Amino acid sequence: MKRQYDLLIIGGGPGGALAAKTAVEKGLSVCLVEKRPAIGAPVRCAEGIGKELLTDFLPPDPKWICTDIERAELIAPDGFSMLLEPRMAGNEVGYILDRKVFDRELIWKAAEAGAETYVKARATAPIMKDGAVAGAVIEQHGKIYDVHADIVIAADGIESKFARWAGINTTVPLREIETCAQYLMTGIDIDSQKTSFFLGNEVAPAGYVWIFPKGDGIANVGLGIGGGKSGAGHRAKDYLDRFVSRMFPDGKIIELIIGGVSICKPLPCTVADNMMIVGDAARISDPITGGGIYNAMYTGRLAGETAVNAIELGNTKKASLMPYDSEWRASKMGKALDRNYAVKEVFTKLSDEKLNTIIHSIAKLNLEEFSTLTLITELIRANPSLLLELKHLRSFL
C-alpha cells in the first residue's frame, strides 16, 4: 500500500468497485480498501436487480446469476394475488444474483484494470488538511498506514462512518430505517421464475415480505419493517419467523441475514472538498423497495468519471465535484428517488383495508407497463375515493 494515490475508495461493494474501475481505466492511480476479509460476504441484500438496469453496466453471466425471473406476484393483506407477467412487469422482474460471486467479479474487473485493492483494511479516520479530506488512516493486519489522496470516495454502505467522521451529517431517523431479516431457505415449494411480494401490517408493518427464488426449491425469504414498528416480540426476525412457519413449515433454513436499509431522502449534498459519497452511504437506496445495487453502481461510475475530470483540471474542491451531485439528482434515477419517497410516505401509512382496495384496483387496470408513475395515474383515475390519500402524489404525474 503506497502513501499517495489520485483516488482512495472506502468500501468494496458495487459502488466502490465501479468507481475504481472507471477511474483507473482513465489513468488515475486508485486504492480501494474493504474492511471485511472477503468481498461480497456476508451478503446483506435480497440480491434482485432489473434486467435492463444490470445490462447498463455489464452483460449477464451465468456464474453470478442464480435465476432469470419472468413473473412477479403482489399479494394483498386479504390474500388476493395479482400476477404481473413480463409484458407489464418492467423492472419488477429481472435477475436474482449471487452477490458473493457478483461483487467479487466487479472487484476483479477493477483490479485487472489496475486498481490496487486491499481487504481487511479498515479506514479508522480521515486525514484532514485545512478543513478538507486529504486521505484516510488505514489499519490492516495490525499495521497503520496514512494514505493520502487527491479525492476520497466514501462507498462504505449504510453505516457511512467515513463521511460522518469527515463532518457530514449522515444521521437517518429511526422511522426512516427499514429493519430487515432474511433466510436463505431450501426445500420449499415455490415457482422458481416468480418473485413474490406480500403486503400488510400483520406480515410486515410499513414494509413488505419478499420471496426471491435462487433455484428449484431455494429462495431468499425476507422482510423489512419500518424502524418505528420494531420492538420486543415485533422485531423483523419475529415477523419473518411467523411468516415462514405459516408458509414453509417444512423448509430448511441454511443462512440468516440481519440488517437495515435507509428509506429516507438522499443526503442534502453528496460532495465536499476532495470527497464524494456514493451508494447507500449517500442514502440513495430506493425508498419503496430498499433496493440499491443499481443506484450504487450508477453513482460509483459517475463518481469515478467526475474524479477523472476534476484531477485533469487540477481542482478537487467541492465546486469542481458538484457535477457529480447535480447529475445523479437530475437523472432518471434521481427523479425516481424523489417520487418514490413521496409514494413511500403515503403507502406505509395506509391501513390493510386501503391496501386491499388498491391492489384489487390495480388488478383490474389494463396497464401496458407496471411502473410507479403509471400506477399512480391509474389509481387516481379509477379510485376517486383514494384521492385524499394519494393527493400528495399528483405533483409527480
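The values are calculated or read from the model by the stated rules, or taken from the named source; none is laboratory data. Quantities reported herein were computed from a predicted structural model and do not represent experimental measurements. Here Cβ is always computed from backbone atoms with ideal geometry, including for glycine, and neighbour counts include all displayed protein chains. In case anyone asks, the SASA skips ligands and DNA or RNA and just uses the protein heavy atoms, side chains included. Shrake-Rupley method; radii C 1.70, N 1.55, O 1.52, S 1.80 Å.
Total residues in the range 200-218 satisfying the condition of being surrounded by fewer than 17 Cβ atoms within 10 Å (Cβ to Cβ), closer than 16 Å to GLY48 by Cβ and either of a type in the set (Phe, Trp, Tyr) or touching a Gly at 6+ places or on another chain (Cβ under 9 Å) (or both): the figure is 0. Note on the range 327-339: residues that are over 15 Å from LYS265 (Cα atoms) and either in a helix (DSSP H, G or I) or open to solvent by 70 Å² or more (accessible area, probe 1.4 Å) (or both) amount to 2. Is it the case that ILE49 is crowded, with 20+ Cβ neighbours inside 10 Å, closer than 28 Å to ALA307 by Cβ and not assigned by TED's automatic domain parsing to the domain that holds ASN295? When the stated conditions are applied, ILE49 passes them. In the range 151-198, what residues are within 19 Å of the chain's Cα centre (by Cα), of a type in the set (Asp, Glu) and under 30 Å from GLU70 (Cβ atoms)? Within the range 151-198, just GLU178 meets the criteria. With a requirement of 2 or more residues that are in contact with a Phe, Trp or Tyr (Cβ under 8 Å, 6 or more places away or on another chain) and not aliphatic (A, V, I, L, M), the strands (runs of 3 or more DSSP E) lying completely within the range 26-132 that satisfy it span 30-34, 48-50, 65-68.
Residue-wise test of (1) out of contact with any helix residue (DSSP H, G or I) (no Cβ under 9 Å at 6 or more places or on another chain); (2) open to solvent by 10 Å² or more (accessible area, probe 1.4 Å); (3) under 30 Å from LYS109 (Cβ atoms); (4) part of a helix (DSSP H, G or I).
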{"residue": "GLY224", "(1), (2), (3), (4)": "no, no, no, no"}
{"residue": "GLY231", "(1), (2), (3), (4)": "yes, yes, no, no"}
{"residue": "ASP280", "(1), (2), (3), (4)": "no, yes, yes, yes"}
{"residue": "GLY290", "(1), (2), (3), (4)": "yes, yes, yes, no"}
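Sub-9 Å Cβ pairs linking a first residue in the range 138-160 that is in the same structural domain as THR179 (by TED's automatic domain parsing) and surrounded by fewer than 21 Cβ atoms within 10 Å (Cβ to Cβ) to a second residue that is outside any loop (DSSP other than H, G, I, E, B) and small (Gly, Ala, Ser), at least 6 apart or interchain, number zero. Of everything in the range 59-87 that is without any contact (Cβ under 8 Å) to a residue 12 or more places away in the chain and either open to solvent by less than 70 Å² (accessible area, probe 1.4 Å) or among the aromatic types (Phe, Trp, Tyr) (or both), the residue that is farthest from GLY15 (Cα to Cα) is GLY79. For the range 292-323, which residues satisfy the criterion of being surrounded by 20 or more Cβ atoms within 10 Å (Cβ to Cβ) and within 17 Å of THR170 (Cβ to Cβ)? Selection gives GLY292, ASN295, ALA296, THR299, ALA303.
For PHE197, the stated conditions hold: it is assigned to a strand (DSSP E or B), within 23 Å of PHE80 (Cα to Cα) and open to solvent by 30 Å² or more (accessible area, probe 1.4 Å).
What's the total number of residues in the range 40-55 that are without any contact (Cβ under 8 Å) to a residue 60 or more places away in the chain and of a type in the set (A, V, I, L, M)?
Applying the first criterion (without any contact (Cβ under 8 Å) to a residue 60 or more places away in the chain) to the range 40-55 yields 41, 51-52, 55.
Then keep just the ones that are of a type in the set (A, V, I, L, M); that gives 41.
Result for the range 40-55: 1.
Quick check on the range 164-194: of everything there that is of a type in the set (Val, Ile, Thr) and not in a loop (DSSP other than H, G, I, E, B), which residue is nearest to TYR239 (Cα to Cα)? Restricting to residues being of a type in the set (Val, Ile, Thr) and not in a loop (DSSP other than H, G, I, E, B), the top hit is THR179.
Inspection of the range 196-207 finds a residue satisfying the criterion of being charged (D, E, K, R), out of contact with any strand residue (DSSP E or B) (no Cβ under 7 Å at 6 or more places or on another chain) and touching a residue at least 24 places away in the same chain (Cβ under 8 Å).
Which of the following residues is in contact (Cβ under 8 Å) with a residue 60 or more places away in the chain, farther than 30 Å from LYS354 by Cβ and open to solvent by 60 Å² or more (accessible area, probe 1.4 Å): ARG164, ARG104?
Details: ARG164 fails: in contact (Cβ under 8 Å) with a residue 60 or more places away in the chain.
Answer to the selection: ARG104.
Tell me which residues, restricted to the range 240-270, are modelled with pLDDT of 95 or more, part of a strand (DSSP E or B) and surrounded by 14 or more Cβ atoms within 10 Å (Cβ to Cβ). Residue satisfying the conditions is ILE253 alone.
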